[in-house]
Amino acid sequence: MGKKTIMLVCAAGMSTSMLVKKMEDAATKDGIEAKIFATSASDAHDKLDSEKPDVLMLGPQVRYLEGDFKKDLSIPVQVVNMQDYGLMKGENVLKTALKLIDEQ
């Protein structure tokens with residue numbers, strides 16, 4: 001399957017850092033090779049160019065950016081499920097991201 005790169009975007013890049021940790025833990029537990037990182041909405045375009053992620057997941061607080069990203073990008077873009085985000089369910093978010101990559 002190869003290593004997957006998953007990018008999360010939120011308002012300041014802080015609130016998703018805990019979610020990234022939980023997703024990394026889930027990936028390790030499941031033996032999935034993934035690079036998972038978070039960035040702020042203002043840095044998102046720079047990171048897209050430098051990191052070339054396979055999927056872009058948006059924090060619920062920046063869901064208004066979804067349309068623009070979908071228009072500009074050829075990778076899957078989706079807002080993280082509000083409940084998974086609120087409860088920091090990293091495994092669920094990881095599974096969603098991987099499913100989006102596989103379906104592409």
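Using +1 on the beta carbon of Lys and Arg, -1 on that of Asp and Glu, and nothing else charged, what's the dipole of the chain about the Cα centre, debye to 20?
The dipole magnitude comes to about 180 debye.
In nm, give the distance between the simple-model label positions of residue 18 and residue 103, each being 7 Å from the Cα along the Cα-to-Cβ direction.
Computed distance between label sites residue 18 and residue 103 equals 2.8 nm.
If I take R0 = 25 Å and measure r between the Cβ atoms of residue 82 and residue 52 in this structure, what FRET efficiency does the formula 1/(1 + (r/R0)^6) give, to the nearest 0.05?
Values: r = 28 Å, r/R0 = 1.11.
Taking R0 as 25 Å, the efficiency between residue 82 and residue 52 is 0.35.
With each run of n ≥ 4 DSSP H residues scored as -39500 (n - 2.57), what mean residue ellipticity at 222 nm is computed for the chain after dividing by its residue count and rounding to the nearest 500 deg cm²/dmol?
Value at 222 nm, helices only: -13500 deg cm²/dmol.
For the chain, with the dipole built from +1 on Lys and Arg beta-carbon atoms and -1 on Asp and Glu ones, taken about the Cα centre, which of 59, 97, 31 lies farthest toward the positive end?
It is 31.
Would you mind getting the accessible area per residue of the chain, heavy atoms of the protein chains only, 1.4 Å probe, in Å²?
Roughly 55 Å² per residue, with all protein chains present.
Taking amide H positions as placed 1.01 Å from N in the peptide plane, with prolines and chain starts having none, which residues 5 or more places from residue 79, or on another chain, fall under 5 Å of its amide H?
When sequence neighbours closer than 5 places are left aside, the close amide H contacts are 58.
With r defined as the distance between the Cβ atoms of residue 73 and residue 42 and R0 fixed at 22 Å, what FRET efficiency is calculated, to the nearest 0.05?
Step by step, r from the Cβ atoms, then E = 0.85.
Can you send over the carbon and sulfur percentage of the accessible area for the chain, probe radius 1.4 Å, protein chains only?
Carbon and sulfur atoms account for 49 percent of the accessible area of the chain.
Out of (1) 1.12; (2) 0.92; (3) 0.94, which label holds the value of Rg/Rh (Cα atoms, Kirkwood Rh) that was computed here?
Among (1) 1.12; (2) 0.92; (3) 0.94, the one derived from this structure is (2).
Normalised by the number of residues in the chain, what is the relative contact order in percent for Cα pairs under 8 Å and 6+ residues apart?
It comes to 34 percent, rounded to a whole number.
How would you rank 18-29, 42-53, 63-74, highest first, on the average number of other Cβ atoms within 10 Å across their residues?
So the peptides 18-29, 42-53, 63-74, ranked by packing, come out 18-29, 42-53, 63-74.
The values are calculated or read from the model by the stated rules, or taken from the named source; none is laboratory data. Not measured: the values here are computed from a predicted model. Don't worry about glycine lacking a Cβ; one is built from the backbone with ideal geometry, like all the others, and counts go over all protein chains shown. Surface accessibility is based on the protein's heavy atoms, side chains included, excluding ligands, DNA and RNA. Shrake-Rupley method; radii C 1.70, N 1.55, O 1.52, S 1.80 Å.
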